[in-house]
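The values are calculated or read from the model by the stated rules, or taken from the named source; none is laboratory data. Just so you know, these numbers come straight off a predicted model, no measurement behind them. All Cβ positions, even for glycine, are placed from backbone atoms using ideal geometry, and neighbour counts span all protein chains on display. The area values use the complete protein model at the heavy-atom level, side chains included, leaving out ligands, DNA and RNA. Shrake-Rupley method; radii C 1.70, N 1.55, O 1.52, S 1.80 Å.
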Amino acid sequence: MPPQSEAMDVTDNLRRRKGNEALVNTGEDKFSWRDVAEHNSEKSLYIIVDNKVYDLTNWVDKHPGGKEVLLLMAGRDATAAFKSYHPFTDKPRKILEKFEIGSVIDHEFPTYKPDEGFYSTMSDRIKEYFQSNKMNPKDPWPGVWRMALVSLCALISFLACNNYWVDVIPLYGRFFFAVLFGICQAMPLLHVMHDSSHTAFGNTQNWWSYGGRLFMDFYAGANMTSWHYQHVVGHHIYTNLYQADPDLPVSDEGDPRRLVGRQQWKNVYKYQHLYLPPLYGVLGLKFRIQDLTDTFFGKSNGPVRVNPISTYRWIEMWLAKSVWGLWRI
């Protein structure tokens, strides 16, 4: 695994290279991960799956799951994502083989041992369960009805804790509705937004793109694009891997949390069970700021590189922040 400084400097190094120059190849049909990382946009899109390099530039607009997820994984190792998002069929693998252009000689982050049968067996059993019960694992409508009720509850709670019906609801009642509103804000994020980030809310990109952003961007004031890089590209693929998972501290010192053994010990960590709960309570504010400072302007989310962000996503981000600020602050 490359040192943290190397991983964080990749975007700057790539940015200094010329846009469409010939690929810097280390040998016939052999690519370094940096070579692949240059092809991280709709104009030129490479991914790595099981150490093979694929050119999906001509497949972007044809991808049944939409282009957003491909653009998210462009220029990086997509092995874990490819397998986890295609668990019930071999058809994507057969299509992918048509776009193979070579192999990769190194990796940006650690890789995992191949599945020895457990994952494939579980996938087959889950597929059989859904089929035998005639269930669509991505059916969005149960979530739609649940979130409609939650949204109604959130609206009533918001009005109640912001001095509407002040002559009817006493002060302690407004505190109750304030807590209830917080719960109603968390529930759509834990449900629709999270499922949307994993393309599991509905069977088309429109469902999970609009559903996820409705709650993440306009309702909570954060940003779905930033969450994709932190949670989908980073945390779910490199869970608890130091200097790969954005949810972990990014360096050996300077973080108020001690989550990994490599961090230098400080006496204050003896009390983190006391000060971390309230600190995590304000974590939402940190996320809303880092959307701007790290993902959109800094082009990184912890150790994870951020691919070029379209003008449409920039406009959507500013619009959502403005709308959220108007009704929430």
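What to note about this one:
- Dipole magnitude of the chain about its Cα centre (Cβ charges: Lys, Arg +1; Asp, Glu -1), debye to nearest 20: 700 debye
- Total charge dipole magnitude, region 80-227, about the Cα centre, Cβ charges on Lys, Arg, Asp, Glu only, Debye to nearest 20: 340 debye
- To the nearest 10, the accessible area of Trp141 is 120 Å² with a 1.4 Å probe.
- Under the convention that each Lys and Arg Cβ holds +1 and each Asp and Glu Cβ holds -1, the size of the dipole of region 193-260 around its Cα centre is about 200 debye.
- For region 37-51, backbone phi angles converted through the Karplus equation (6.51, -1.76, 1.60; θ = phi - 60°) give residue-by-residue couplings of 4, 5, 9, 10, 9, 5, 6, 7, 10, 10, 9, 10, 9, 6, 6 Hz, Gly and Pro being listed as x.
- Net charge contributed by nearby residues that have their C-beta within less than 15 Å of Asn51 (K/R +1, D/E -1): -3
- Label-to-label distance, nm, for residues given as Thr204 and Val323 (7 Å Cα→Cβ offset): 2.0 nm
- Cα gyration tensor category, rounded, prolate or oblate, for region 71-120 with a/c compared to 1.5: oblate
- FRET E, pair Lys98, Lys134, Förster distance 45 Å, beta-carbon r, rounded to 0.05: 0.85
- Here the extension length gained between Gln272 and Asp252 equals 5.6 nm, from 0.36 nm per residue of separation less the Cα-Cα distance.
- Across the options Val150, Gly212, Val192, the greatest Cα extent toward the positive end of the charge dipole of the chain (unit charges at beta carbon of Lys, Arg, Asp, Glu) belongs to Val150.
- On full extension, the segment bounded by Thr239 and Val166 gains 21.6 nm, given 0.36 nm per residue less the C-alpha separation.
- Extension gain for the segment Thr311 to Tyr280, taken as residue separation times 0.36 nm less the Cα-Cα distance, is 7.9 nm to one decimal.
- Bins of 20 Å from zero: percent of alpha-carbon pairs in the chain: 26, 55, 17, 1
- Heavy-atom accessible area ranking, 1.4 Å probe, most first, across Val306, Val179, Val250: Val179, Val250, Val306
- Accessible area in the full protein assembly, largest first, 1.4 Å probe, for Ile315, Ile48, Ile309: Ile315, Ile309, Ile48
- Cα gyration tensor shape for region 162-316, rounded if a/c is under 1.5, else prolate or oblate: oblate
- The calculated 222 nm mean residue ellipticity attributable to helices in the chain amounts to -12500 deg cm²/dmol, summing -39500 (n - 2.57) over DSSP H runs of n ≥ 4 and dividing by all residues.
- Dipole-positive endmost among Val49, Ile105, Pro87 within region 24-106 (Cβ charges, Cα centre): Pro87
- Sequence-separation-based contact order of the chain, relative, with Cα cut under 8 Å and 6+ spacing, percent: 17 percent
- Phe99 exposes around 50 Å² of accessible area when a 1.4 Å probe is run over every protein chain in place.
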